[in-house]
1. Please give the solvent-accessible surface of TYR27 in Å², to the nearest 10, using a probe radius of 1.4 Å with every protein chain present.
2. Suppose accessible area is computed on protein heavy atoms with a 1.4 Å probe; arrange THR58, THR100, THR24 from highest to lowest.
3. Mind checking the per residue accessible area of the chain for me, 1.4 Å probe, whole number of Å²?
4. Tell me, what is the Rg over Rh of the chain, with Rh the Kirkwood radius over Cα pairs?
5. To the nearest 10 square angstrom, what accessible area does GLU86 show with a 1.4 Å probe?
6. How much of the accessible area of the stretch 31-97, in percent, comes from carbon and sulfur atoms when a 1.4 Å probe is used?
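The values are calculated or read from the model by the stated rules, or taken from the named source; none is laboratory data. Computed from a predicted structure; not experimentally measured. Keep in mind that these areas ignore ligands, DNA and RNA; they rest on the heavy atoms of the full protein, side chains included. Shrake-Rupley method; radii C 1.70, N 1.55, O 1.52, S 1.80 Å.
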Amino acid sequence: MPTSPAAPAQRVVILDALNRCVATCEYCATACLSEEHVHMMAACIRLDRDCADICALTARLVARDSEHAKHLMRECMEVCQKCADECSQHQDQYCQDCATACRACVEACQQYLG
């Protein structure tokens, strides 16, 4: 049984943050794969992919007003924070952009959860 729907504006904000995080993480992972020493970016790539996947699934659950959305969102926040922490250690702009998007996603999730 669906939960009571979030206000439309609140739903737009969280979906935007989740989808922006998906796109930014995918871009970061792809850019990391083109690095000369790609093996040094393995942790970043793995976290980018995990983060993109969990954000995409969370966005789908929020969009359909699933009763599981808020539960998954807590896990999503944890993965986003880990991805932000990893990406912020790298100087490349795509990693810095990814860290920023992940932090913004964590903040949007916190606001959505109240």
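1. 150 Å²
2. Heavy-atom accessible area, descending, gives THR100, THR24, THR58.
3. 57 Å²
4. Rounded to two decimals, Rg over Rh is 1.02.
5. My reading of the accessible area for GLU86 is about 40 Å².
6. With neighbouring chains kept in place, the figure for the stretch 31-97 is 49 percent.
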